[in-house]
Amino acid sequence: MLGSLDEVALAIKRYERFLVTWHVDPDPDSVGSGLALREALEQAGKEAVCISPDPLGDWYDFLPGVEDCLAFQMGMQLDFEAAIVLDCEPDRCGGLVEYLNSGIPLINIDHHGTNLGSGKAFCVNPEAAATGELIYELLKNRWQTALTEEIATNLFAALSGDTGTFRYSNTTGQTLQIAGELVQHGANPAKIAMHLYENRAYETVNLMRRALDTLEISEDGLVSWITVTRAMSGEDRWIGQHSEDLVQFPRMIKTVKLAILFREIEPEKTKASFRSRSGIDASYIASLFGGGGHAQAAGCTIHSPLAEARAQVLDAVVRELHRAQQARIAGGNGAESR
């Protein structure tokens with residue numbers, strides 16, 4: 001772990017007016033964590049405004065307090081004493097990056113191992129299943145915040161989103177213990193799951209069908225990928241959890257060690273999302289293209305056309321699979337692997 005929640009708690013105590021934000025292409029962990037933290041700050045008598053780098057859309061409407069969350073726009077008047085960046089490094093906050101680099105005191109809370117920590121205070125703990133888990137620890141054990149139904153719902157959505165409803169290997173006993181306490185304080189697991197996974201418009205499900213038509217798999221069966229073009233996604237652009245909806249399908253194939261979603265953002269800009277099984281470090285592959293994340297869930301943005309970016313990534317994947325195989329062989333012979 002880099003930094004500590006104690007340092008974060010002390011830093012927050014020094015200021016009164018906060019910007020709370022998160023990464024572009026937001027997911028339930030980033031948004032739920034931000035909304036929960038905002039309510040806790042207001043409980044403490046402070047002012048806080050959540051500003052999302054990207055619009056959230058109606059998919060997040062079930063989260064308490066989301067109606068007061070703003071979407072960043074050029075020319076916005078930003079006047080805060082400090083900024084709290086959640087679930088990412090500050091340079092992943094889209095149009096807000098310039099303001100975050102303007103000298104405003106930064107506080108950073110994240111659980112991605114590729115985050116090296118930055119700002120006046122930070123806590124980066126890759127052992128946490130979600131940033132929501134760290135926010136829970138901050139609120140419960142540092143501030144003794146009253147866990148309202150609204151806070152519990154937002155934090156449960158955060159945990160649920162980043163653990164695949166507690167199916168992924170990052171789910172720990174502590175994660176489940178926290179989830180249980182959030183339920184006791186009013187979070188409704190069935191309702192949250194319904195909104196996260198069973199509340200899609202027909203157009204969204206139809207787009208999933210079209211995207212599945214692009215499913216491909218490598219000759220050895222170890223890598224499978226799906227491609228979404230701008231023409232397919234239209235104005236929706238598949239923000240946040242929608243990407244997770246798609247990348248899970250190639251991951252379901254029993255031989256697959258690495259699943260990839262390629263998504264065309266702009267003619268010269270492509271997003272790649274990775275999901276891997278043990279033995280393949282998805283964050284390492286993402287880091288080759290300036291991205292990051294976790295060993296089994298990572299992503300990157302490549303400033304190249306879709307076809308070119310896909311070829312670059314698949315070439316890097318072949319090299320990483322070969323390296324991982326060689327490391328296993330060396331490990332079996334008693335040699336040390338990377």
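So is GLY279 touching a Cys at 6+ places or on another chain (Cβ under 6 Å), closer than 28 Å to ALA128 by Cα and at pLDDT below 95 or not? It is false that GLY279 is touching a Cys at 6+ places or on another chain (Cβ under 6 Å), closer than 28 Å to ALA128 by Cα and at pLDDT below 95. Residue count for segment 264-304 satisfying the condition of being more than 16 Å from the chain's Cα centre (by Cα) and among the basic types (Lys, Arg): 2. For segment 190-231, the set of residues classified as touching a Lys or Arg at 6+ places or on another chain (Cβ under 6 Å) and modelled with pLDDT under 85 is empty.
So which residues in segment 23-52 are part of a loop (DSSP other than H, G, I, E, B) and modelled with pLDDT of 95 or more? Spell out the reasoning first.
Initial filter on segment 23-52 (part of a loop (DSSP other than H, G, I, E, B)): 23-27, 44-46.
Answer for segment 23-52, where residues must be part of a loop (DSSP other than H, G, I, E, B) and modelled with pLDDT of 95 or more: ALA44, GLY45, LYS46.
In segment 40-61 there is no residue that is buried (at least 23 other Cβ atoms within 10 Å of the Cβ), touching a His at 6+ places or on another chain (Cβ under 9 Å), within 26 Å of ALA187 (Cβ to Cβ) and among the acidic types (Asp, Glu).
Taking the residues in segment 56-81 that are part of a loop (DSSP other than H, G, I, E, B) and closer than 21 Å to THR153 by Cβ as candidates, determine which candidate is modelled with the lowest pLDDT.
Kept after step one, since they are part of a loop (DSSP other than H, G, I, E, B), are these residues of segment 56-81: 56-57, 61-65, 69, 72-81.
Now drop any that are not closer than 21 Å to THR153 by Cβ, which leaves 56-57, 61-65, 69.
Details: LEU56: 89, GLY57: 80, ASP61: 93, PHE62: 96, LEU63: 97, PRO64: 98, GLY65: 97, CYS69: 97.
Among those residues, the one meeting the criterion is GLY57.
Cβ-Cβ contacts under 9 Å between residues 6 or more apart (or on different chains), taken from a first residue in segment 84-109 that is assigned to a loop (DSSP other than H, G, I, E, B) to a second residue that is at pLDDT 95 or above and among the polar types (S, T, N, Q), are listed as ASP87/SER30; ASP87/SER33; ASP87/THR131; CYS88/SER30; CYS88/ASN108; CYS88/THR131; GLU89/ASN108; CYS93/THR21.
Just the residues that are buried (at least 16 other Cβ atoms within 10 Å of the Cβ) and either among the charged types (D, E, K, R) or within 21 Å of THR163 (Cβ to Cβ) (or both), please, taken from segment 249-268.
Step one: of segment 249-268, the residues buried (at least 16 other Cβ atoms within 10 Å of the Cβ) are 249-251, 256-265.
Once the filter is applied, which keeps residues that are buried (at least 16 other Cβ atoms within 10 Å of the Cβ) and either among the charged types (D, E, K, R) or within 21 Å of THR163 (Cβ to Cβ) (or both), segment 249-268 yields PHE249, PRO250, ARG251, VAL256, LYS257, LEU258, ALA259, ILE260, LEU261, ARG263, GLU264.
Within segment 316-334, residues that are at pLDDT below 75 sit with their Cβ atoms under 8 Å from residues that are of a type outside the set (Ser, Thr, Tyr) and exposed (fewer than 12 other Cβ atoms within 10 Å of the Cβ), at 6+ positions apart or across chains, in these pairs: ALA327/ARG338; ALA330/GLU336.
The values are calculated or read from the model by the stated rules, or taken from the named source; none is laboratory data. Keep in mind the model is a prediction, meaning the values are calculated, not measured. Note: ideal-geometry Cβ built from the backbone for every residue, glycine included; neighbour counts use all protein chains shown.
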